[in-house]
Amino acid sequence: MNVVRLARRVLALALLGTAAAGAADMVPLTAAQKKNLGIVAAAATVQAASPAQTYPARVTLPPTSVRVVAAAGEALITRLLVQPGDRVKAGAPLVTVSMAGLAEAQNALTQARLKAQLAADSAARDEKLFEEGLIAESRLRASRAEAQSARASVQAAQTALAMLGTGKAAGGSMTLTAPIAGVVIESAAEPGQRVDAGTALVKLADLSKLALEIPLSTTQARQVAVGQSVTVAGTSASGRITALLPQLSASQSVLARASLADPQALLRPGQSVQAAIAGTPAAASLTVPAAALMWKSNTPYVFVETPQGFAPTRVQLVRQNASQAEVAGLAEGSRVAVKGVAALKAQWLGE
C-alpha cells in the first residue's frame, strides 16, 4: 500500500465522525494531509473577456442579400445578357423577353395618360369659367370628377404594365434589369426558351453581406448568446450572432446564425470555415481551471480553500473550454482546489 492510499484511509477514519449522512459542508484537512493527498489550490481570477471558442461553420447567403428576377407573365426569352459570375450594377440589363399583351398594356397606359391630360385641361378651364360666373357649379363638379377618374385610370394602367415585369419595355419586348448591384449566382434562362409567369430567370446576390451557420451541441449552445462577436480564421471577416434556432437539427445540434461582413471578399457561399465566438464574462463571474470543477447530480461544484480545509461550493457554469471554465457564484479572491479534486469529492460524499 503506497503512502497516498494510506493517507486516504487515515483521513477517512478521521472524518468518519464528522461527515454528515451523504455529504459534509466542509472537508477538514491539515497541511500534512493536504500534501499527502496531492491537493493543490489556485486562485480564481477575474477575466476581462472570456476565451474565444472555435467551431466549424458554413458561409451562407442571408435572404436579404438575394434577389430573383422573374417573368411576370408567359414569355419567350429572346436575349440573355449575363451569366453566372458576372458582376452587375443596379439597373443593368439582364434578360430580354417577348410577352403577349405587353404592347397592349403600353398602349393602354399611353391612352390613359392622354385622357388624363385632356380631363385636367378641361377641369382647369372650367375652374376659370366658374370664377367668372359663366358656368354652373354642377358642371365644375363634373369636370373635377372626370379628371379624378382619368388619374385613377392612369394608375390602373401603370399597375397593369408593372405586373408584366420591371424593366425597359419596347413594343412587345421587355428587358428585365437588376434590382440591386451584385453578382449573378444563377441563370436558369436560355434564348428561345418559353417560360411561365413567375419563373425565376436570374438570381443575384450582394456578396458583401454574408452569414454563417454554426452547428453547436446543446452544451455548447448554452455558452453562446445573441450579440456575441464572431471572427473567421484566416480572414478579416467578422460579425455577430443573430439567432439560435429553437429546434434541433437532424444531427441533434443547435444551429446558430451570425451576420458576416467580408471586406477582403475572401469568402464564398457554401465555404466551410472555422468560426471563433468571443464570449463576454457574466456579471460577478470568475475563471478557474477546468480541472477544478466537480459534478454532483449534474450540478457543478468547486472546493474552496478555507483555514479549516475545503468547502464544497455550488457554482453556475457560464462557459468552458478544454483548459478553463468561467463560473458565477464565487467570491473574488477565492482559492479552489485544482489537483486532488477526486480525493476531496470522495471524502465529501463519504465514498
query: How many residues does the range 332-351 contain that are of a type in the set (A, V, I, L, M, F, W, C), surrounded by fewer than 20 Cβ atoms within 10 Å (Cβ to Cβ) and more than 16 Å from ALA291 (Cα to Cα)?
result: 1
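Listed here are the residues, each with its yes/no results for (1) basic (Lys, Arg); (2) within 35 Å of the chain's Cα centre (by Cα); (3) modelled with pLDDT under 90.
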residue	(1), (2), (3)
ALA283	no, yes, yes
MET294	no, yes, no
GLN320	no, yes, yes
SER323	no, yes, yes
ALA331	no, no, yes
SER334	no, no, no
GLY340	no, no, no
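Quick one: in the range 303-331, of everything that is farther than 25 Å from LEU216 by Cβ and of a type in the set (A, V, I, L, M, F, W, C), which residue is surrounded by the most Cβ atoms within 10 Å (Cβ to Cβ)?
Taking the candidates together, the pick is PHE303.
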query: Got a number for residues in the range 177-200 being open to solvent by 60 Å² or more (accessible area, probe 1.4 Å) and in a strand (DSSP E or B)?
result: 3
- request: Please work out which residue is farthest from the chain's Cα centre (by Cα), limiting yourself to the range 55-73 and to residues that are in a strand (DSSP E or B) and at pLDDT below 90.
  value: ALA70
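Residue-wise test of (1) modelled with pLDDT under 85; (2) within 30 Å of SER249 (Cβ to Cβ); (3) open to solvent by less than 60 Å² (accessible area, probe 1.4 Å).
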| site | (1), (2), (3) |
| --- | --- |
| ALA120 | no, no, yes |
| ASP126 | no, no, yes |
| SER138 | no, no, no |
| SER143 | no, no, yes |
| LYS168 | yes, no, no |
| GLY171 | yes, no, yes |
| LYS203 | no, yes, no |
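Please verify whether SER297 is touching a strand residue (DSSP E or B) at 6+ places or on another chain (Cβ under 9 Å) and over 18 Å from ALA43 (Cα atoms), treating the condition exactly as stated.
Numbers: touching a strand residue (DSSP E or B) at 6+ places or on another chain (Cβ under 9 Å): no; over 18 Å from ALA43 (Cα atoms): yes.
In short, no.
The values are calculated or read from the model by the stated rules, or taken from the named source; none is laboratory data. Just so we're clear, the structure is a prediction, and the values are computed from it rather than from any experiment. Virtual Cβ from ideal backbone geometry, glycine too; neighbours counted across all protein chains shown. Calculation scope for accessible area: heavy atoms of the full protein, side chains included, ligands and nucleic acids excluded. Shrake-Rupley method; radii C 1.70, N 1.55, O 1.52, S 1.80 Å.
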